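**Q** This is the structure, below, for whatever I ask next.
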Amino acid sequence: MKKIIPYGKQYIDANDVKAVSSALKNDKITTGPLVKKFEYVIKSYTKSKFALSCNSGTSALYLAFQSLELKKNDIVVMPSINFVSSYNIAKIFQAKVYLADVDPFTGQMTPNDVINCCKKFKLKKIKILVTMYNGGYPQNSHLFKNFKKKFGCYIVEDACHALGATYKLNKKNYMIGSCAHSDISTFSFHPLKSITTGEGGALTTNSKKIYDKLVVLRTIGIKRSNNHWEYDINEFGLNFRLSDIQCALGISQFKKLNNFIKKRKKISNIYDTKLRDEKNIFIVNHKKNFNSAFHLYFLKFKNFDINKKNKLFKYMKKKGVILQYHYIPIYKFKIFKDKYIGKNAEKFYKNTITLPIYFTLKKQQQEYIINELKNFFDK
């Protein structure tokens, strides 16, 4: 049987196993010292003032919206190309969600897309503007801050693809998650992300007010006194805690993050070099002041459509290579009825695929993927 090459995969080494095994022997395996240590690592790496761990990237978004007091009929603007978590959560809070168009090459919402969305729907005020770094490339992150004054909004960065990404502005380097140009950044530690805790997530912020609220909301709204047996419920919260066992894995994984990104960048450069001259393929070039986390590798095709795309997926699957969509636009799902205003998201959806990219992808496997892509178009 041919060995399958997935589009993404975690990397766990002996140090990770040792860290988890050691955590299992501790007196506390949840709400213990490793949670605080993991949060310190996140805060230090992202250069933010505060970090809070939670049990998934979706939970991180939920906590972000709740801490900003999103309520019924509040307006949320987000990109039409994204995983559905942010949309689902906004709807749970009964907010009015408006989907902005995206850049046809990166699949990311731009400031102009936000302006066009607001003009189309005559939006004068926004409660939360959700940005998302599709694939890990931090495009336009600093420019969205201009909307805070214009629309009186909070900015939540869905940075689940972008742990380790950086950008340079006025000769100063910024880490995604530093919240230099946002109120909250959210991360995911799903096995396919930059690092993993099995399942897990985190939020970063520079606001103590937001952080203090997040701490309470993450743990069922409980506010404890100095006596452990005395507590009150100050908020309607849920249990979104991450265990010490998972945090032990996260701490160990963080030590490898820069090497993970370095390897992903190398894989991305090989794809660029080997596929650049193919007549059916368009290579997306990133701006030099924006450093991607290389969570995904997008390959764009000229004059493609969904039928051709599905044929390619089926062909590559027969050859043992798993491709993926990132993403089916939110407005296409049956449950979602929101009006869509642009055409670029549709172009991105039709013309773009995700190729395998992960730390243990071998050069021989990558060459096989490239050759099979070329074979498909030759036929």
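**Q** Going out from 0 in 10 Å bins, what whole percent of all Cα-Cα distances in the chain drops into each bin?
**A** 5, 23, 31, 25, 12, 3, 0, 0
**Q** I want to verify the translational diffusion coefficient of the stretch 208-265 in µm²/s; compute it with Stokes-Einstein, Rh as the Kirkwood radius over Cα pairs, at 4 °C and 1.567 mPa s.
**A** Working: Rh = 14.0 Å.
The diffusion coefficient I find is 93 µm²/s.
**Q** Sticking with the crude label model, points 7 Å out along Cα→Cβ, report the distance from S207 to K28 in nm, one decimal please.
**A** In this crude label model, S207 to K28 measures out at 2.8 nm.
**Q** Under a plain spin-label model, where a point goes 7 Å from the Cα along Cα-to-Cβ, how far apart in nm are D305 and F236?
**A** 4.8 nm
**Q** Can you give me the distance in nm between label points at K3 and K265, each placed 7 Å from the Cα along the Cα-to-Cβ direction?
**A** Between K3 and K265, the simple spin-label model gives 2.7 nm.
**Q** Another one. Rank by packing, highest mean first: peptides 154-165, 240-251, with packing defined as the count of other Cβ atoms within 10 Å averaged across residues.
**A** Details: 154-165: 26.9, 240-251: 23.8.
Top of the packing list down: 154-165, 240-251.
**Q** Going down the list K3/K363; K172/K208; K119/K149, which pairs span over 19 Å between their C-alpha atoms? Working shown, then result.
**A** On the way: K3/K363 15 Å; K172/K208 24 Å; K119/K149 17 Å.
Exceeds cut-off: K172/K208.
**Q** Moving on to the next point. Would you be so kind as to identify which of G135, L99, I115 lies farthest towards the positive end of the dipole of the stretch 44-168, taking Lys and Arg as +1 and Asp and Glu as -1 on Cβ and the Cα centre as origin?
**A** Checked the options; the winner is I115.
**Q** Viscosity 0.692 mPa s, temperature 37 °C: Stokes-Einstein D of the stretch 60-211 from its Kirkwood Cα radius, in µm² per second? Mind showing how you got there, number by number?
**A** Numbers: Rh = 15.4 Å.
D = 212 µm²/s.
**Q** By how many nm would the segment from N112 to K172 lengthen if fully extended, with 0.36 nm per residue of separation less the alpha-carbon distance? Could you put the intermediate results ahead of the total?
**A** Details: separation 60, 0.36 × 60 = 21.60 nm, distance 2.46 nm.
The N112-K172 span can extend by a further 19.1 nm.
**Q** Another one. Measuring with a 1.4 Å probe in the full set of protein chains, what accessible area per residue, in whole Å², belongs to the stretch 303-378?
**A** Working: 4200 Å² over 76 residues.
The answer is 55 Å² per residue.
**Q** Can you list the aspartates and glutamates whose alpha carbon sits under 12 Å from that of K25, skipping same-chain ones fewer than 8 residues off?
**A** D244
**Q** Give me the extension gain from L143 to D272: residue separation times 0.36 nm, minus the current Cα-Cα distance, reported in nm with one decimal.
**A** Details: separation 129, 0.36 × 129 = 46.44 nm, distance 2.78 nm.
Taking 0.36 nm per residue and subtracting the Cα distance, the gain is 43.7 nm.
**Q** Be a star and scan the stretch 333-372 for residues whose amide nitrogen sits under 20 Å from the point 7 Å along the Cα-to-Cβ vector of I283.
**A** Zone members listed by number: 351-358, 362-372.
**Q** Excluding residues on the same chain fewer than 8 positions from K18, give the lysines whose Cα lies under 26 Å from its Cα.
**A** Cα-Cα hits under 26 Å: K9, K28, K36, K37, K43, K193, K255, K256, K262, K263, K362.
The values are calculated or read from the model by the stated rules, or taken from the named source; none is laboratory data. These figures come from a predicted structure and were not determined experimentally. Neighbour counts run over all protein chains shown; Cβ positions are idealised from the backbone, glycine included. Accessible surface areas use protein heavy atoms only, side chains included; no ligands, DNA or RNA. Shrake-Rupley method; radii C 1.70, N 1.55, O 1.52, S 1.80 Å.
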